[in-house]
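A quick write-up on the structure given underneath.
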Amino acid sequence: MIGLIVARSKNNVIGKNGQIPWKIKGEQKQFKELTTGNVVIMGRKSYEEIGHPLPNRMNIVVSGSADYTGENLLTVKSLKEAIEAAGDADVYVSGGYGMFKEAMPMVDKMFITEIDMEVEDGDVFFPEFDKNDFDMTVGETGGDDIKYTRTIYTRKK
């Protein structure tokens, strides 16, 4: 399974000044639950924002300029190479924009957390996609001050 996992604001922002523009208690729980024991693919900027390999999962960084290696950490030159390196494992593309845009035609599922806020001056946005290509399932809602809703988009066969 090739999945995509992201949180986005109501105005489609996923980043601002190299950071995720919100801190919501519990919002990243789904990310950890889905990706632990599987493979996370991310671009160089996303990896550098985190600053280290995520524990208990294989981390594959796509970069043409950097080379990261270590325990559960691999650098490749392309998304195609990353997916091949993952073998039969479930794969979760986790950012940024370029990785999402390139992965969009091949994803089986998208796990999108819809953040109930508008982000002013966001500088990274989630790519547009045709919702008619997917069945949407609305999941749990959470958050105290800022609400979020989990949605799953499953590609129609």
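The figures follow:
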{"read-out": "Calculated [θ] (222 nm, deg cm²/dmol) that DSSP helices of n ≥ 4 give over the chain, each run adding -39,500 (n - 2.57)", "value": "-4500 deg cm²/dmol"}
{"read-out": "J(HN,Hα) series, the stretch 63-78, from Karplus relation 6.51 cos²θ - 1.76 cosθ + 1.60, nearest Hz, glycine and proline x", "value": "7, x, 10, 10, 9, 9, 9, x, 5, 6, 9, 9, 10, 10, 8, 8"}
{"read-out": "Mean accessible surface per residue for the chain, computed with a 1.4 Å probe while every protein chain stays in place, in Å²", "value": "55"}
{"read-out": "Calculated from backbone phi, Karplus (6.51, -1.76, 1.60) coupling profile of the stretch 38-43 in Hz, x at Gly/Pro", "value": "10, 10, 10, 10, 8, x"}
{"read-out": "About the Cα centre, charge dipole magnitude for the stretch 88-157 (Lys/Arg +1, Asp/Glu -1 at Cβ), debye", "value": "480"}
{"read-out": "Electrostatic dipole magnitude of the chain [Cβ: Lys, Arg +1; Asp, Glu -1; Cα centre; debye, to 20]", "value": "180"}
{"read-out": "Sites matching GluC sites (Glu not before Pro) across the stretch 5-110 that sit in DSSP coil, with at most 11 neighbouring C-beta atoms within 10 Å", "value": "Glu71"}
{"read-out": "Carbon and sulfur %, accessible surface of the stretch 2-114 computed with the full protein complex present, 1.4 Å", "value": "50"}
{"read-out": "Stokes-Einstein diffusion coefficient of the chain, Kirkwood radius over Cα pairs, 20 °C, 1.002 mPa s, in µm²/s", "value": "135"}
{"read-out": "Options Gly51, Met110, Trp22, ranked by Cα towards positive dipole end of the chain, top entry (Cβ charges)", "value": "Met110"}
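The values are calculated or read from the model by the stated rules, or taken from the named source; none is laboratory data. Worth saying up front: this structure is predicted, and the values here are computed from it rather than measured. Note: ideal-geometry Cβ built from the backbone for every residue, glycine included; neighbour counts use all protein chains shown. The protein model used for the area step is the full one, side chains on, heavy atoms only, and it has no ligands, DNA or RNA in it. Shrake-Rupley method; radii C 1.70, N 1.55, O 1.52, S 1.80 Å.
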